[in-house]
Structure formats: structure tokens, C-alpha cells
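Inspection log for the structure reproduced underneath, given as C-alpha cells.
Every number in this text was worked out from the coordinates using simple rules, so none of it is lab data. Predicted, not measured: the structure shown is a model, and the values here were computed from it. All Cβ positions, even for glycine, are placed from backbone atoms using ideal geometry, and neighbour counts span all protein chains on display.
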Amino acid sequence: MTQILKTDIIPIEYDENTKESALELKKLLEQNPLFFKTVLKKYPKISYLKRKHSFYLQTNEPINILERMYNGNIDNCNKKDWLDKEAGRALLLYTINKKIKGQYDFSELEEDTINQFIAYGYIHETKAYDKIDSYLLNMTKHQQEKIEEWLYNKYSFELLNYLIEDQYQKIVQRLLSDSEEKIEETISTMIRITSEEELLIEGEEQACTIYMSPEEIDSLCKEFLIKIDSTLNLYNLFCEAKKTGVFIEEAKDKKIIENDIDIDDWCCFQHKDGTWYIYSPKTGTILDSIYKIHEFVHYIINKAPTMLEENIYALKELPSLFFEGLMRRFLIDKGYSEEEIEKDKLSRELGISKMSSVLLDILFYIEQISNGERITFEQELMKQEEIKKLYKKLEPDQEISLDSLKENVLWTIKNSIEELIEDPLFVEETYPYIIGYKYSKILLKRTKQDKNVIANMINIIPEIKTLTTTESLNRLGLISPIEQNSKQYKKELK
Ligand SMILES: [Zn+2]
């Protein structure tokens, strides 16, 4: 039998089966009458029985929507923004994360709950209380897109500042292996090096056409290692690695699956049991020998005992990039088509160039945060206007509208946000490629006159993880990036 429970806020319709829920709900409503009066303004009643003309609740989902909304937001319900900045930012983070990865990495909340929270924030702001039912209970795809867009526009700068602050803290903690370096100096050095490496390379990746069997690849690698290291130490380590199954070719290999990590390209990874492996998804071309050398160098460095708990140091790509370049030269010297081998160099440069341009945007943001400033739309627009002035000098006839400047701002922040959500270690993982590539070019050039360059690099391999950036660079006869305004460095770069 239908019964009505009276409350100060709204009547509740129930029957014998739902009586308990109704009483519980009454208690909840009375905890914050103002909040629920606002939320339920448009409804004549709450009903456990009928959908029509009521805020309908099913017994098996007792008071969950109202309860969730209420619990998280007692203090916020009277403010203009129902979601505070932190909540809005977090919900935006979840939403973008879901879009990129197909799952919520950061939240225990269910997708429905997250969408309801966002929807309620939207309804609160637009005062569209009459749509509360459809938004909270049966959201259409169109409605969902609308609330996500609203959330993005409202909280994207909040999220960007948060993500950049996180990156800044990571640099402070990790990249600063040199205690004598100051953080401002480190960041401006990173910006300088990255802008120097923003090569703006044109071109497209091309497939190599020199096909080769795995046996031929291995024998090329061995021949190369014997040539560069007459002690045969590297050669022996390579043979040992082959014998002990370090190279894994199948993505479905147990060691990869057991580790539960995303691997889709050549890489050196550590198994849960501490052993290092190389995933080598062979392409069947001569380029496999270059990739193999690159990862093999990572392998011997990673495998070396170290005092450091985490394998993070700014120069971690330098030795691999150096030997990779040396391997290319070895193949060309052996008589393989330079044009084919250079395709690999182009692909490396395209990768570095793309990385640098994304990294540079992020580094400029980090610099701003490190100066105690916040990143705002207005400031970003001003930056774009400066770029426009420069561009105007080059192309006086081109007119750039204010709208397209605004679009540029939004596009850049969207790019940076997505990059940082997709890979929270983006800065510390990409910067080693950029600085490593720069120094590898200098060292490769030097090998033509100086035989010690290769030996120095081989000697530093077992230790490089435990040295500071400056110590490593000194040992390699390189100038620390901080002192790089010197003439010698500038000359060598040319
Ligand atoms: Zn690498």
C-alpha cells in the first residue's frame, strides 16, 4: 500500500517494502534541508514507487545518488560553484584519463558516480534543476558530451597548474642529481637545450628495405662490438645475454605478461624478480641491429650494481644514442646502402624533434610555476600575441585573428595536459633523449679524430648511474650544460 512520509523538505512516497529506506532517507534529508531543497526544488515528491512526477529512487539503489552528492558537498551546496577547484580538477583528470586509457587510473569511484558529480555541478551552475532527473539517472551521450565540455572549459587551467606543479616537484627531486645546481638554472638549461634540439625536421618515416635474418643481425652486432672493444668484454656480455635468454621477441612472453607493463616497442625492462630483459620485436630489417645495440647498452648499464634505488639520471640515453650512431656508421662503412641506414637516423631525428616541441611547451610552464606564477589563459594569450608579432615580420600579408590565437592557446594546453596524463613521467623520460642526443652528436663527431672517445664511453658504462651529470660529462670531456655558453661548445655544435 502506498504511503506518504512527510518531511520539511519534500514528501516521500513508499510502501511496506521500502519503508526502511524511506525513513533512512528522511534522516539524510534533514541533515541539510537547504541543500536538498535546492536539489529537489522542481519535484513534488520523492518516490520509491513511481517514476512519473517524482524524483524516483529504486529500492536497490537506496539513497545513493543523493547521499553521494550530499556527503561530498555539505559545505559547497550554497556556494556559486558546487564543485570546489580541487574537486573539479580531479573530476576532469579522471575524465581525460578515461578517454586516453579507457579506464580510471586515479579513482576508485565508479564511472556513473563521476558522471553524476559532474552533471550535478553543471546543473547547479546553469540552474537547470528541471533536467536533474535525466542528467543524473539516464544521461544521453549528447548530455554527457555537454557536461564534459563544460567541465573542461571550467577547470582545464586548474588541472594544468596542478600537473605542472607535479612535474616541477619531480624535477626538484630527481633530475637534480647535482647538488650544486640551482633549480632555476636547471630549468633554464633544460629550456635552452630543448629549444636547440627542437630541430623542426621535415620528412616522413620510411621503411627500410634491407631485409635480414636474426642470425645475420646477431653476427653484425658481434662484429661491431669486437671492433669497438678489443678487450672483448662487450662481445662476451652480448654472447652471455644471448645464451641466458635476455632478448625476448614475443610480446606474449611470460616475462612480459607477468610484469603487467605496457610494452609495445624495443625496450630494456626489469622483471619482478630483478632480472633485466630486452624486448626485441624484430622488424626483419638491418635496422634491428641498430635497435639491438641501443637496448644492449641500456641492458649493461641497468644490470650494473648501483647504490641508487631508482634508475633515473639525466644522461641515461646518452650511451645508447652514442653507440646507436656508431653502429649506423659501422654499417655504412661495411658497404650497406647509406640511404637505407640514414632512414633510421631520420626517424630518430623526427622523434627527437616531436618530443622537443611538446617538452618545450611544458618546460615553459614549469619555469612559470618555479617563479611562483600561475598559468592563466590571459598570460598564454599574451604569449601568442608575441609570437604573432614575430610572425607578422616574416609574413606581413598574413592576418592572424584573435580567435585563432585563442585556439592556439587552448590547443597547446590540451596537448600538454593529455601528454602529462598519458605519461606522468614525460619530462624525466624525454629530457634524457634530448640532452643525450645533443651530446652524442658532439661525441660522434669527435671519434673521427680522437680514438679515446669510444674507450671513455665504454669505461664509464658500469658507473654512469652513480655519477652526477657534471661528473659524467667531465669524464667524457664534455662541458656541463650550465657552462655551455663557452666558445668551444658553440663551435662543436656547428
Ligand atoms: Zn633508450
Whole-Hz couplings from phi, Karplus 6.51/-1.76/1.60, listed for the stretch 232-241; x for Gly and Pro: 6, 4, 5, 4, 5, 4, 5, 4, 4, 4
Pairwise label distance in nanometres, GLU339 with LEU390, each label 7 Å out on the Cα-Cβ vector: 3.7
LEU402, LEU234, LEU360 arranged by Cβ crowding within 10 Å, fewest neighbours leading: LEU402, LEU360, LEU234
Placed amide H near GLU463: partners under 5 Å, 5+ positions off or other chain: none
Other-chain or far-sequence residues with amide H under 5 Å of PHE247's (modelled H): ILE278
Inter-label distance, nm, simple model (7 Å from Cα along the C-beta direction), ASN236/ARG329: 2.7
Under 5 Å, built H, 5+ apart or other chain: amide partners of THR7: ILE12
Partner lysines for LYS37 [C-alpha distance under 19 Å; skip if fewer than 8 residues away on the same chain]: LYS6, LYS26, LYS27, LYS45, LYS79, LYS80, LYS127, LYS131
Only Lys, Arg (+1) and Asp, Glu (-1) charged, at Cβ; the stretch 86-168 dipole about Cα centre in debye: 280
Backbone HN-Hα couplings from phi across the stretch 273-286 [Karplus 6.51/-1.76/1.60, Hz, Gly and Pro as x]: 7, x, 6, 8, 10, 10, 7, 10, x, 4, 8, x, 10, 4
Linear extension gain, TRP411 paired with ASP423, 0.36 nm per residue minus alpha-carbon span: 2.5 nm
In Hz, Karplus ³J(HN,Hα) per residue of the stretch 401-412 (6.51, -1.76, 1.60; θ = phi - 60°; x = Gly, Pro): 7, 4, 4, 6, 5, 4, 4, 4, 4, 5, 5, 5
Cα-based convex hull volume of the stretch 86-168 per residue, rounded to whole Å³: 90
Using a Förster distance of 60 Å, the FRET efficiency for ILE461-LEU381 (Cβ separation, nearest 0.05): 0.80
Footprinting exposure proxy for PHE296, PHE364, PHE377 (fewest neighbouring C-beta atoms within 10 Å first): PHE377, PHE364, PHE296
Net charge of Cβ neighbours under 12 Å - reference LEU160; Lys, Arg +1; Asp, Glu -1: -4
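What is the fewest-to-most order of GLU111, GLU202 by other Cβ atoms lying within 10 Å of their Cβ?
By the 10 Å Cβ count, ascending, the order reads GLU202, GLU111.
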